[in-house]
Amino acid sequence: MATDVISLITEDHRTVEALFERLKKEEGDPKTTVAELHALLTAHARAEEDRVYPDLDAHHGLEEHKEAEVLLDELVRARPGTPEFRQTLEKLSSAVTHHVEEEEGDLLPQLARQAGKQRLEELGEAFKQRRDEELRALRAVHDGATKAELYEQAQQADIPGRSQMDKEELQEAVRKSTS
């Protein structure tokens, strides 16, 4: 398993692309997928801003993170299946794709040239630690869902046995269905 910052960042990019694909193909529960996308994009951006961008001249990347954050909030508020949801999803996907192309085409190669293997590993550890910290905090908010909300998510994900599950079991089943 790669631990250098460039590999970790690009792995996140591929995960985000897969989440966009799932939403566009209307696979699974869209609310759960949007929540997962929101958590990963937010945690990823904060980790980059705090741990990676200080080593680079990445002002443009910061602006793109802010743009994505606004669109992500709009997507969270939009009702799946509506034209507003599809339009916001398309705008967000396009903005993130543009950002990823710039980052992988310019910023990450610049970082690879500037930093040695050891520094890339150190940045990888710092990035992963910060990202995981943000993910835990964001998921804790999601874990505050009511049993009824979790049941609805389980129903949309067609999880068998959901009517006999307690809140913790529903939470775990919903989490597994989105992994």
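Observations on the model:
- Given [x] 40, 35, 33; [y] 38, 38, 33; [z] 55, 33, 22, the label whose value is Cα extents along the principal axes in Å derived from this model: [z]
- Estimated at 0.36 nm per residue, the fully extended path between Lys91 and Gln118 surpasses their Cα-Cα distance by 6.0 nm.
- Global form of segment 60-99, assessed from the alpha-carbon gyration tensor, a/c cut-off 1.5: oblate
- Within straight-line reach of Lys25, meaning a Cα separation under 25 Å, sit the following lysines at least 8 residues removed in sequence or on another chain: Lys91, Lys176.
- Relative contact order, percent, the chain [alpha-carbon distance under 8 Å, six or more residues apart]: 34 percent
- Mean Kyte hydropathy of -1.0 or more with a Cα span along the axis of at least 18 Å, helices from DSSP in the chain: 5-24, 30-47, 59-77, 83-102
- Selected from Leu62, Val34, Ala126, residue furthest toward positive end of dipole (segment 5-142; charges at beta carbon): Val34
- Summarising the label geometry, the points placed 7 Å from Cα in the beta-carbon direction at Glu11 and Glu169 lie 3.3 nm from one another.
- Sites Leu62 and Thr82 - FRET efficiency at Förster radius 35 Å, r taken between beta-carbons, to 0.05: 0.70
- Shape of segment 33-117, Cα gyration tensor, a/c cut at 1.5: prolate
- Ranking of Ser93, Ser163, Ser7 by count of other Cβ atoms within 10 Å, fewest first: Ser163, Ser7, Ser93
All of the numbers you see were taken from the coordinates with simple rules; none came from a lab. Predicted model only: the values in this text are computed from it and were never measured. Virtual Cβ from ideal backbone geometry, glycine too; neighbours counted across all protein chains shown.
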